[in-house]
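Okay, so here's the structure we're looking at.
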Amino acid sequence: MFRRYGSTDKDDTDGPDLDVAHCDHYGPSSYSDDHNEGGGLTPLTATGRRNKVASKRINNHSTSSSSCWMTFSKYLICPLLLLTASSLFYSYQLQTRLTSLSTTLNTISQNVSTLTTFSTNQQHQLSSLNATLTNHSSVIARFENSVSNSDVLDKLNALEHQWNESTVRVEKEMKETKVEIKEVLDSTKKSIDETVTDAQNEINTQVQSVQTTLSTYIRTTQDQFSTENSFMVYQLAGTFTLLGCLISMWHMTNHLRSFHQPVIQRKILAILWMCPIYSVTSWLSLVIPSIEGYLAILKDLYE
């Protein structure tokens with residue numbers, strides 16, 4: 001009396017007895033070996049083995065998932081963080097440079113305003129001198145016919161000489177001021193143009209380098225993903241190719257063992273050979289695309 005096959009209860013003897021020697025998990029040799037060792041028939045051992053295999057598969061699947069996530073974080077997230085930090089650093093430097101340029105421009109504007117005020121004051125002084133000379137001329141014209149004193153003439157000559165000297169001095173100062181203002185404006189404009197040009201060139205260079213680096217990382221990541229996907233496709237196609245070949249070989253082996261009708265079974269064997277030939281050539285065409293044409297010729301010749 002044997003226990004029911006697949007039962008874990010030691011007292012489960014209900015139902016018809018099952019001869020385990022005829023089950024697909026135990027052959028006659030294993031059945032006799034179990035009885036010779038004195039342990040009896042123990043299908044619980046097979047169940048334990050299945051549980052161990054299932055646990056190993058689950059562990060392998062979790063390990064592969066964790067390794068995929070680690071690869072993803074290593075090759076994509078870390079470079080993106082580095083790129084973000086470098087972009088923030090370059091933006092801060094550019095903002096600092098623009099602030100310094102704004103301060104310089106404000107200082108130059110203040111200097112220009114001061115020079116303009118100075119020029120206005122000089123013009124007012126010239127206007128006041130002209131008014132004074134006009135007053136003196138009127139006084140001289142009034143006393144010209146009645147007074148002929150040498151002191152008045154000397155005073156008038158001295159005032160005229162003073163006026164000429166003041167005019168020459170003011171004109172000279174005005175010319176010098178204009179030249180200085182022009183030089184300062186030219187130098188300031190030139191420095192601003194150079195600074196702006198350098199900043200634009202630096203910004204363009206940094207943007208191009210960031211774009212190049214980003215495109216390189218994107219292309220590398222895409223290549224890695226495409227390689228992993230291609231490997232999965234090759235593995236899946238190879239699995240089904242091997243499975244189809246094994247099934248066809250099993251059928252051909254059964255026909256060869258029972259080769260009772262050669263005329264019909266030869267044609268059946270020829271048809272069964274199509275599955276291995278077509279599956280293997282298709283898998284090779286997928287793995288090695290360069291020889292796809294030759295493999296197609298081979299398939300057509302067999303057909």
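The values are calculated or read from the model by the stated rules, or taken from the named source; none is laboratory data. This one's a predicted model, so the numbers in the text were calculated from it and none came from an experiment. Methodologically, a virtual Cβ is constructed for each residue, glycine included, from the backbone with ideal geometry; neighbour enumeration extends over all protein chains shown. For accessibility, only protein heavy atoms count, side chains too; no ligands or nucleic acids. Shrake-Rupley method; radii C 1.70, N 1.55, O 1.52, S 1.80 Å.
Condition (residue is at pLDDT below 85 and either outside any loop (DSSP other than H, G, I, E, B) or under 30 Å from Phe89 (Cα atoms) (or both)) applied to region 246-255: is it met by at least one residue? Reasoning before the result, please.
Filtering region 246-255 for residues at pLDDT below 85 gives none.
Checking region 246-255: not a single residue is at pLDDT below 85 and either outside any loop (DSSP other than H, G, I, E, B) or under 30 Å from Phe89 (Cα atoms) (or both).
Can we say Asp300 is within 25 Å of the chain's Cα centre (by Cα) and either free of Cβ contacts under 8 Å to residues at least 24 places away in the same chain or in a loop (DSSP other than H, G, I, E, B) (or both)? Answer is no for this residue.
The residue that is nearest to the chain's Cα centre (by Cα), among those in region 204-228 that are surrounded by 11 or more Cβ atoms within 10 Å (Cβ to Cβ) and of a type in the set (Val, Ile, Thr), is Ile218.
In a helix (DSSP H, G or I), open to solvent by 70 Å² or more (accessible area, probe 1.4 Å) and either of a type in the set (A, V, I, L, M, F, W, C) or closer than 22 Å to Thr281 by Cα (or both): which single residue out of Phe259, Phe231 fits that description?
Selected residue: Phe231, the only one of Phe259, Phe231 that is in a helix (DSSP H, G or I), open to solvent by 70 Å² or more (accessible area, probe 1.4 Å) and either of a type in the set (A, V, I, L, M, F, W, C) or closer than 22 Å to Thr281 by Cα (or both).
Any residue that is among the β-branched types (Val, Ile, Thr), under 45 Å from the mean Cα position of the chain (by Cα) and surrounded by 12 or more Cβ atoms within 10 Å (Cβ to Cβ) - is there at least one of those in region 235-253? Show your work before the answer.
Quick first cut of region 235-253, residues among the β-branched types (Val, Ile, Thr) only: 239, 241, 247, 253.
Then keep just the ones that are under 45 Å from the mean Cα position of the chain (by Cα); that gives 239, 241.
Now narrow it down to the ones that are surrounded by 12 or more Cβ atoms within 10 Å (Cβ to Cβ): 241.
Yes, some residue in region 235-253 is among the β-branched types (Val, Ile, Thr), under 45 Å from the mean Cα position of the chain (by Cα) and surrounded by 12 or more Cβ atoms within 10 Å (Cβ to Cβ).
Conditions (1) free of Cβ contacts under 8 Å to residues at least 60 places away in the same chain; (2) open to solvent by less than 70 Å² (accessible area, probe 1.4 Å); (3) in contact with a Leu (Cβ under 7 Å, 6 or more places away or on another chain), marked per residue:
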{"position": "Pro79", "(1), (2), (3)": "no, yes, no"}
{"position": "Ser102", "(1), (2), (3)": "yes, yes, no"}
{"position": "Leu105", "(1), (2), (3)": "no, no, no"}
{"position": "Ser109", "(1), (2), (3)": "yes, yes, no"}
{"position": "Gln125", "(1), (2), (3)": "yes, no, no"}
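Looking for something modelled with pLDDT of 85 or more, open to solvent by less than 90 Å² (accessible area, probe 1.4 Å) and not small (Gly, Ala, Ser) - is there at least one such residue anywhere in region 144-154? The answer is no; no qualifying residue exists.
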